[in-house]
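A short reminder: the numbers here are calculations on the coordinates, not readings from a lab. The structure presented is a predicted model; accordingly, all values stated were derived computationally and were not measured. Counting neighbours? That spans all protein chains shown, and the Cβs are built from the backbone with ideal geometry, glycine included.
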Amino acid sequence: MQFRVIPVTPFQQNCSLLWCARTMKGAVVDPGGDLDAIQAAVARFGVTVDKILLTHGHIDHAGGTAELKRRLGVLIEGPQREESFWIEQLPQQSQMFGFPRAEAFVPDRWLEDGDAVEFGEVRLEVIHTPGHTPGHVVFFERASRIAVVGDVLFQGSIGRTDFPRGDYDTLIRSIRQKLWPLGNDVTFIPGHGPLSTFGDERESNPFVGDSA
């Protein structure tokens with residue numbers, strides 16, 4: 001699997017373009033906005049987008065989803081069903097944070113822990129990781145050892161838990177019980193900021209490192 005990170009919105013959210021190197025079929029993960037930039041990257045790398053994938057329903061991750069679906073004519077997969085209340089509130093979220101008006105939508109497929117999503121010859125494992133939001137999911141590509149983790153984990157930090165239905169203890173369990181077992185060699189693409197590895201975070205992250 002190959003990928004390109006496309007920072008979007010004033011929050012510099014890491015939208016990810018993922019694709020199968022052999023078939024050039026791919027997916028856009030978390031199209032929060034700046035759809036022209038996303039589509040320019042799609043064209044630049046010659047990717048045929050099969051679907052839109054969502055880690056969770058916050059405005060900077062999901063704000064452009066409905067419009068991108070219209071533009072590309074593809075399905076929306078994810079997040080987990082508990083995220084519906086955030087997606088329903090996208091119009092209010094956009095107003096609150098000064099974003100262009102975002103539309104609510106219903107994903108074509110809600111995802112559950114243990115599901116998989118596919119494009120070309122790539123298979124992403126779906127891991128339900130609540131805590132930042134209740135229906136947050138992580139996408140893990142075992143062959144390339146890459147995980148798209150949304151706002152669960154960052155280099156040197158973790159996701160906020162002060163939003164409605166966030167929970168600190170739940171987030172810590174999600175990271176330690178569901179992400180760490182995937183392996184220290186896994187490179188992760190966070191929702192904001194630079195990439196890191198699970199091993200580096202276990203060594204130095206002050207919130208979820210092994211010595212925390």
* Asked: Cα centroids of segment 69-130 and segment 134-197: how far apart, whole angstrom?
  -> 17 Å
* Structure fact -> Sorted by chain and number, the residues with a modelled amide H under 5 Å from that of V152, at a separation of 5 or more or across chains, are G191
* Of G57, W19, P100, farthest towards positive along the dipole that unit charges on Lys, Arg, Asp, Glu beta carbons give segment 2-204 -> W19
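Ranking K178, K51 by Cβ neighbours within 10 Å, fewest first, what do you get? All intermediate terms of the calculation are to be shown ahead of the outcome.
Values: K178 17, K51 21.
With the fewest neighbours first, K178, K51 line up as K178, K51.
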* Asked: What span do the alpha-carbon atoms of segment 15-134 cover on each of the three principal axes, reported in whole Å from largest to smallest?
  -> 41, 33, 21
* Pulled fully out, how much extra length does the chain show between A116 and Q12, if you take 0.36 nm times their separation in residues and subtract their Cα-Cα distance? -> 34.7 nm
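Taking the Cβ of P134 as the centre, find all other residues whose Cβ is under 10 Å away and add up their charges (Lys, Arg: +1; Asp, Glu: -1).
Once positives and negatives cancel, what remains is -1.
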* For segment 33-89, size of Cβ-based charge dipole, Lys and Arg +1, Asp and Glu -1, in debye -> 260 debye
* Relative contact order %, the chain, counting alpha carbon pairs below 8 Å whose residues are six or more apart -> 15 percent
* Structure fact -> Taking Cα pairs closer than 8 Å and at least 6 residues apart, the relative contact order of segment 157-199 in percent is 26 percent
* **Top of F163, F198, F99 by mean-square fluctuation, Gaussian network on the chain, Cα under 10 Å** => F163
* Towards the positive end of the charge dipole of segment 2-204, with charges on Cβ (+1 Lys, Arg; -1 Asp, Glu), say which of W86, A116, A41 has the farthest Cα. => A41
* **FRET E, pair R160, E103, Förster distance 25 Å, beta-carbon r, rounded to 0.05** => 0.55
* Net charge, C20 excluded, C-beta distance under 11 Å - Lys, Arg +1, Asp, Glu -1 -> -1
* To do: Can you spot the aspartates and glutamates whose alpha carbon is less than 13 Å from K25's alpha carbon? Ignore those fewer than 8 places along the same chain.
  => D50, E118, E121
* To do: Amide H neighbours of T48 under 5 Å, at least 5 residues apart or on other chains, H built in the peptide plane: list them.
  => K25, G26
* To do: Let me know the charge dipole size of the chain about its Cα centre in debye, to the nearest 20, where only the beta-carbon of Lys, Arg (+1) and Asp, Glu (-1) is charged.
  => 460 debye
* May I ask which residue of F3, T129, G199 lies farthest towards the positive end of the charge dipole of segment 2-204, with charges of +1 (Lys, Arg) and -1 (Asp, Glu) on Cβ and the Cα centre as origin? => F3
* **All-pairs Cα distance distribution in the chain, expressed in whole percent, bin size 10 Å** => 9, 38, 38, 14, 1
